[in-house]
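Notes to accompany the following structure.
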């Protein structure tokens, strides 16, 4: 879809940003897909920031809360996903504060227990490696996984 009119592009991109939180990269890609020139893209992004349609801090915090609460991602995976979206490091650090440490550890233990209950592996070493591998791919820190394994007396 090509948009040649700046006024139309402004209305559409405001609606796009109002629908859900967006990062700068997503908005730039959307505007480029509409065939807008770089100067128009820059102008619209400045306006979106100015009128608070686009806020990287708000986006990062919302993203972190959602991925942790709904998908149960760990901090490493969330951080990596935000970096891929070119979110500033300060915003990423702020977003990590949205995740309560106690809730984070409880979620880790809950995931560990659930995975342990469904694993059919009888070899204890292989079982432990599968549990660790599962949680590392979910984005959890190795030292926390190890401490949880010990605390839950799984090994």
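The values are calculated or read from the model by the stated rules, or taken from the named source; none is laboratory data. In this text, all values refer to a predicted model and were calculated from it rather than measured experimentally. Glycine gets a Cβ as well: all are built from the backbone with ideal geometry, and neighbour counts include every protein chain shown.
Residues are listed down the side, and each one gets a yes or a no for (1) under 14 Å from the mean Cα position of the chain (by Cα); (2) touching a residue at least 12 places away in the same chain (Cβ under 8 Å):
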residue	(1), (2)
6	no, yes
15	no, no
22	yes, yes
49	no, no
59	yes, yes
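Might you check whether a residue that is out of contact with any helix residue (DSSP H, G or I) (no Cβ under 9 Å at 6 or more places or on another chain), exposed (fewer than 14 other Cβ atoms within 10 Å of the Cβ), under 23 Å from residue 69 (Cβ atoms) and not assigned by TED's automatic domain parsing to the domain that holds residue 81 occurs anywhere in the stretch 121-130? For the stretch 121-130, residues out of contact with any helix residue (DSSP H, G or I) (no Cβ under 9 Å at 6 or more places or on another chain), exposed (fewer than 14 other Cβ atoms within 10 Å of the Cβ), under 23 Å from residue 69 (Cβ atoms) and not assigned by TED's automatic domain parsing to the domain that holds residue 81: absent. Among the residues of the stretch 97-120, some residue qualifies, meaning at least one is under 21 Å from the mean Cα position of the chain (by Cα), surrounded by fewer than 17 Cβ atoms within 10 Å (Cβ to Cβ) and closer than 30 Å to residue 14 by Cβ.
Scanning the stretch 121-133 for residues that are closer than 11 Å to residue 146 by Cα and over 29 Å from the mean Cα position of the chain (by Cα) yields a count of 0.
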